[in-house]
Amino acid sequence: MKPTQLKIKFSRDESAYKIVIGTGLISSSGAWARKCLGSAAAKIVIVSNSTVFSLYGHALDEELKETGFTVSHFLIGDGERHKSLRSTEAALKYFAESRLSRTDAVVALGGGVVGDLAGFAAAIYLRGIPFLQTPTTLLSMIDSSVGGKTGVNSAFGKNLIGAFHQPGGVLIDPMTLRTLPKRELAAGFCEVIKHGAIGGRKLLDQASDFLTEYSLDDFETANADKQFQSRLSDLIAAQVAFKASIVANDESESANRTDAKSRKILNFGHTLAHALEKVTEYKYLKHGEAVGYGILFAAELSKKLALCDEKDVKLLNDVVQSVGRLPSLAGIDPKEVFEAFKFDKKHLAGSLQMVLLRGIGKPVIVTEKDIPQSSIKTVLSKLLRKWA
C-alpha cells in the first residue's frame, strides 16, 4: 500500500511539517529522518521506554545509522507518572552528555508520554532543537504526535508545564499497533470516538463501523489481513487529517477563541479525564480510558443543560461501550474530582472552560460561570455511582 502523506501548514512557514502513514514505514525511517532534518544533522538521541525500544528501537537505530547519523538512546519509565520534571531533567542531562548541538535532533519512539516528554525536552534544550515523532500507540498517532503540544505533569495538575514545539515530521507505522495490549487499544479508540463526537457523523460512523467489524481481542491476528491494514490506515489518516485541520488554524490555542474551530474543542472529554488522572495520581487509568469517561460526562452534562438530545448521548454511550468495559471508578470521591477541576489548564479569566455538545459534530465552548454548579455536581455524582 502506498503511504499516505499529509502536510500541516501553519501561518508561520517554519512550523509546517509532513505526516506520513503507512504499514512497514519504520523499515525506511532513516531516509525519512534525513529528509526531515537535512544534511546538517549529525547526532540523534532516540527517546523511548524499555518495552517499546525492545520491539522497535533496534530497527530504528540501524536505519538511522545507515543514513549517516550517530545514534544513542535515552529510556524513561513506562506510564504517566514518569512524564515529570525529574524525567525531563534526566533527559536534558543525557542530551548534554551526548553533546547534541542546535542542528542535531531528538526522535520520540513510543506513546504519548514519550512524545510529550521528548518534545518538551527538545523545546527547552539549547532553547529548542529539532525533534521527530514516531508514535507507536493509536492514541499518540492520532492525537499527541500531531500539533506540537509538549509538556509534563506535576503535583498541581496534568500538562500544566509545557511548550508548543512543532516536530520536524511524524512517521506513523500502523504495524506497531499489533503488539499493543487491549487496554492501550481501547484507550486509543476512546480518543478516536472523541474526534468523531466533535468532528461529525462521518468520522464517528467510521470508528463505530470499524469497531463493529473488528474486535480488539483479535487485533494482532487481524493485522495480517491486507483489508484490515487498509481500513486501519484509512481510519488513522482520517483522524490525523481532522486534528491537523483544527491545529493548523489555531497553532497555539488562542485564549480568546471560543468558536467551533478553536483548538480548544480538542479538549472535549478532557475536563473530567484530567481530574480523574489527578485524583488517582496518574497510576490507575490510561489517558484514553479517562477520556472515555470524560466523553460520557460531557455528553450527559450537555443533555442536562438541554444542549444535546438523548439520541446523540445514547449513540456516544453505545460507541464508547464498543471498546469494552473501562476500569471501575469505585471508591473515587466526587468531591475530590470536583476539586481537581480547579487545577485544569483550561481556566481563563478565573473560570474553567468546558467543551460540550449541541449535537454530534457541534462542539460548544462554555465557561463554568454559565453552568450551574449544582448541575455539574449532580451529573458527576450520578455517573461515578454508575461507573463504580
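Okay, residues lined up against (1) surrounded by 20 or more Cβ atoms within 10 Å (Cβ to Cβ); (2) assigned to a helix (DSSP H, G or I); (3) at pLDDT below 95:
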| position | (1), (2), (3) |
| --- | --- |
| THR221 | no, yes, yes |
| PHE228 | no, yes, yes |
| LEU235 | yes, yes, no |
| GLN239 | yes, yes, no |
| SER245 | no, yes, yes |
| ALA260 | no, no, yes |
| LEU276 | yes, yes, no |
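In this structure, is LEU132 in a strand (DSSP E or B), touching a Cys at 6+ places or on another chain (Cβ under 9 Å) and within 30 Å of ALA290 (Cα to Cα)? Walk me through how you get there before you give the answer.
Working: in a strand (DSSP E or B): yes; touching a Cys at 6+ places or on another chain (Cβ under 9 Å): yes; within 30 Å of ALA290 (Cα to Cα): yes.
Spelling it out, LEU132 is indeed in a strand (DSSP E or B), touching a Cys at 6+ places or on another chain (Cβ under 9 Å) and within 30 Å of ALA290 (Cα to Cα).
Please specify each residue of segment 59-112 satisfying the condition of being under 17 Å from THR176 (Cβ atoms), without any contact (Cβ under 8 Å) to a residue 60 or more places away in the chain and not in a strand (DSSP E or B).
If the condition is that a residue be under 17 Å from THR176 (Cβ atoms), without any contact (Cβ under 8 Å) to a residue 60 or more places away in the chain and not in a strand (DSSP E or B), then ALA59, ASP61, GLU62, GLU63, LEU64, ASP78 are the ones that fit.
Just one of (1) among the small types (Gly, Ala, Ser); (2) under 20 Å from LEU160 (Cα atoms); (3) touching a strand residue (DSSP E or B) at 6+ places or on another chain (Cβ under 7 Å) trips up GLY112, so point out which.
Status for GLY112: all satisfied but (3).
Hey, ALA187 hits all of (1) aliphatic (A, V, I, L, M); (2) within 30 Å of PHE343 (Cβ to Cβ); (3) part of a loop (DSSP other than H, G, I, E, B) but one; which does it fall short on?
Condition not satisfied by ALA187: (3).
Only one of (1) more than 27 Å from ARG325 (Cα to Cα); (2) crowded, with 24+ Cβ neighbours inside 10 Å; (3) among the β-branched types (Val, Ile, Thr) is not met by VAL192, so which one is it?
Only one criterion in (1) more than 27 Å from ARG325 (Cα to Cα); (2) crowded, with 24+ Cβ neighbours inside 10 Å; (3) among the β-branched types (Val, Ile, Thr) is unmet by VAL192, namely (1).
Anything in segment 22-36 that is polar (S, T, N, Q) and part of a helix (DSSP H, G or I)? List them, or say none. First the steps, then the outcome.
At the first step, the residues of segment 22-36 found to be polar (S, T, N, Q) are 23, 27-29.
Answer for segment 22-36, where residues must be polar (S, T, N, Q) and part of a helix (DSSP H, G or I): SER27, SER28, SER29.
Could you check LEU177 against (1) hydrophobic (A, V, I, L, M, F, W, C); (2) under 22 Å from ARG231 (Cβ atoms); (3) buried (at least 24 other Cβ atoms within 10 Å of the Cβ) and say which number it fails?
Here LEU177 clears every test but (3).
Of the conditions (1) farther than 17 Å from ILE19 by Cβ; (2) in contact with a helix residue (DSSP H, G or I) (Cβ under 7 Å, 6 or more places away or on another chain), VAL192 satisfies every one except a single condition; which number is it?
Result: VAL192 fails condition (1) only.
Residue check: is ILE19 in a strand (DSSP E or B) and in the same structural domain as GLY168 (by TED's automatic domain parsing)? So that I can check it myself, show each step before the final result.
Values: in a strand (DSSP E or B): yes; in the same structural domain as GLY168 (by TED's automatic domain parsing): yes.
Yes; evaluated as a whole, the condition is true for this residue.
The values are calculated or read from the model by the stated rules, or taken from the named source; none is laboratory data. As the structure is a prediction and not an experimental result, all values here were calculated from the model. For neighbour counting, all protein chains shown are included, and Cβ atoms are generated from backbone atoms with ideal geometry for every residue, glycine included.
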